[in-house]
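Asks: I have a structure I would like to understand better, so I am pasting it below and will then ask my questions one at a time.
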Amino acid sequence: MTTETSKKLHVQVPTYIVRNDGIYLTNSEFLIYTRLCFLFFRNAKENKTELNIDHKQLMFLSQISDTRTFKLRLKRLYKLDLIKNQIDKLPTKGNLKVIFNPEKLISDHFTMMSTSIFTYLANGQINEYAFRQVFYYKSHINKKDKRNLEYCYVGYETLVERLKVSRTKIKEANEQLKKANLVKITTHKLEWNGGYTDANELDYEKFNNHYTVANSLF
């Protein structure tokens with residue numbers, strides 16, 4: 001889904017898909033699906049579900065170099081009913097036809113992101129891991145929330161479990177996001193929580209990092 005806020009273009013993805021809640025997409029598959037969401041809502045044709053895509057451009061944006069891998073990603077989207085046509089071959093000339101399934105967009109909650117995020121991908125500043133992670137962080141930030149929390153404080157273990165990636169990949173993605181000035185990370189050290197252990201020792205705990213997404217992505 002795309003929207004325009006103060007002349008800024010955005011893409012919206014159902015939050016349940018962002019968080020792998022009831023449906024599992026790898027980061028690479030999520031990247032492709034997000035781009036399809038963008039193209040679906042920008043489609044001016046009467047039949048909006050039929051997308052004519054420059055698949056070579058999409059492969060470049062998705063940082064996929066071989067057609068076999070790209071077709072496997074599309075096959076997964078088909079199996080999950082996110083697209084309605086199975087794609088076994090890619091055209092040698094012209095565009096690729098993809099039938100988008102809008103029923104999967106039925107949701108009460110969406111995560112909105114500035115489409116400038118695609119530029120960071122195209123420039124090689126972030127990869128599919130960082131792309132998915134910043135969506136995940138943003139899915140937990142609601143600036144209209146009465147608690148006024150402008151950051152996400154998800155833990156590493158939650159990211160590992162939800163996104164099915166290693167802690168190393170999460171750390172590398174965070175470094176990319178920091179270097180691109182897309183996320184500010186406030187780290188926390190062990191602190192005494194005011195309590196004591198069963199052995200009558202000071203009880204320490206480490207609070208989750210705070211992830212603040214750049215205003216440019218809102």
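Asks: Counting other beta carbons within 10 Å of each Cβ, put VAL213, VAL134 in order, fewest first. Provide the component values of the computation, followed by the final result.
Replies: Numbers: VAL213 21, VAL134 27.
Sorted ascending by nearby Cβ count, the order is VAL213, VAL134.
Asks: For the chain, what does the helix formula give at 222 nm: sum of -39500 (n - 2.57) over DSSP H segments with n ≥ 4, over the residue count, nearest 500 deg cm²/dmol?
Replies: Value at 222 nm, helices only, nearest 500: -10500 deg cm²/dmol.
Asks: Enumerate the calculated ³J(HN,Hα) couplings along the range 78-93 in order (Karplus 6.51 cos²θ - 1.76 cosθ + 1.60, θ = phi - 60°), each rounded to whole Hz, writing x wherever the residue is Gly or Pro.
Replies: 5, 5, 8, 6, 7, 10, 9, 10, 7, 10, 9, 10, 9, x, 7, 9
Asks: GNM, the chain, Cα, under 10 Å: largest mean-square fluctuation among ASN47, ASN127, ASN20?
Replies: Of the options given, ASN47 has the highest mean-square fluctuation.
Asks: Using the Cα gyration tensor of the chain, with a ≥ b ≥ c the square roots of its eigenvalues, what is the shape: rounded (a/c below 1.5), prolate (a/b larger than b/c) or oblate (neither)?
Replies: Since a/c reaches 1.5 and a/b is larger than b/c, the shape of the chain is classed as prolate.
Asks: Going by the alpha-carbon gyration tensor, a ≥ b ≥ c the square roots of its eigenvalues, is the range 7-104 rounded (a/c under 1.5) or, if a/c is not under 1.5, prolate (a/b greater than b/c) versus oblate? Working shown, then result.
Replies: Details: a/c = 1.40, a/b = 1.12, b/c = 1.25.
Rounded, because the longest to shortest axis ratio a/c is under 1.5.
Asks: At 0.36 nm per residue, and after removing the present C-alpha to C-alpha distance, how many nm does the segment from THR92 to ASN209 gain when stretched out fully? Could you put the intermediate results ahead of the total?
Replies: Values: separation 117, 0.36 × 117 = 42.12 nm, distance 4.74 nm.
Going from the current span to full extension adds 37.4 nm.
Asks: Gaussian network model of the chain, Cα springs within a sub-10 Å range: biggest mean-square fluctuation belongs to which of GLU46, GLU175, GLU161?
Replies: In this elastic network of the chain, the residue with the biggest mean-square fluctuation among GLU46, GLU175, GLU161 is GLU46.
Asks: Quick one: if you stick a label point 7 Å off each Cα along the C-beta vector at ARG68 and ILE23, how many nm between them?
Replies: The answer from the label model is 2.8 nm.
Asks: Then there's this: Report the label-to-label distance for ALA44 and LYS164 in nanometres (one decimal), using points 7 Å from each Cα along the Cα→Cβ vector.
Replies: 3.9
Asks: According to a simple spin-label model (label point 7 Å from Cα along Cα-to-Cβ), what is the distance in nm between GLU150 and GLU172?
Replies: Those two pseudo-labels are separated by 3.2 nm.
Asks: Something else: Calculate the length of the line joining the C-alpha centroid of the range 62-78 to that of the range 85-136, in whole Å.
Replies: The range 62-78 and the range 85-136 have Cα centres spaced 12 Å from each other.
Asks: Next up: Could you give the length gained by full extension between LYS8 and ASN85, i.e. 0.36 nm per residue of separation minus their alpha carbon distance, to one decimal place?
Replies: Full extension from LYS8 to ASN85 adds 24.5 nm.
Asks: Using the structure shown, select from LYS45/LYS104; LYS7/LYS84; LYS79/LYS143 the pairs with a Cα to Cα distance greater than 30 angstrom.
Replies: LYS7/LYS84; LYS79/LYS143
The numbers here are math on the coordinates, done by the rules we state, and not lab data. In this text, all values refer to a predicted model and were calculated from it rather than measured experimentally. Neighbour counts are summed over all protein chains in view; Cβ atoms, including those assigned to glycine, are modelled from backbone coordinates with ideal geometry.
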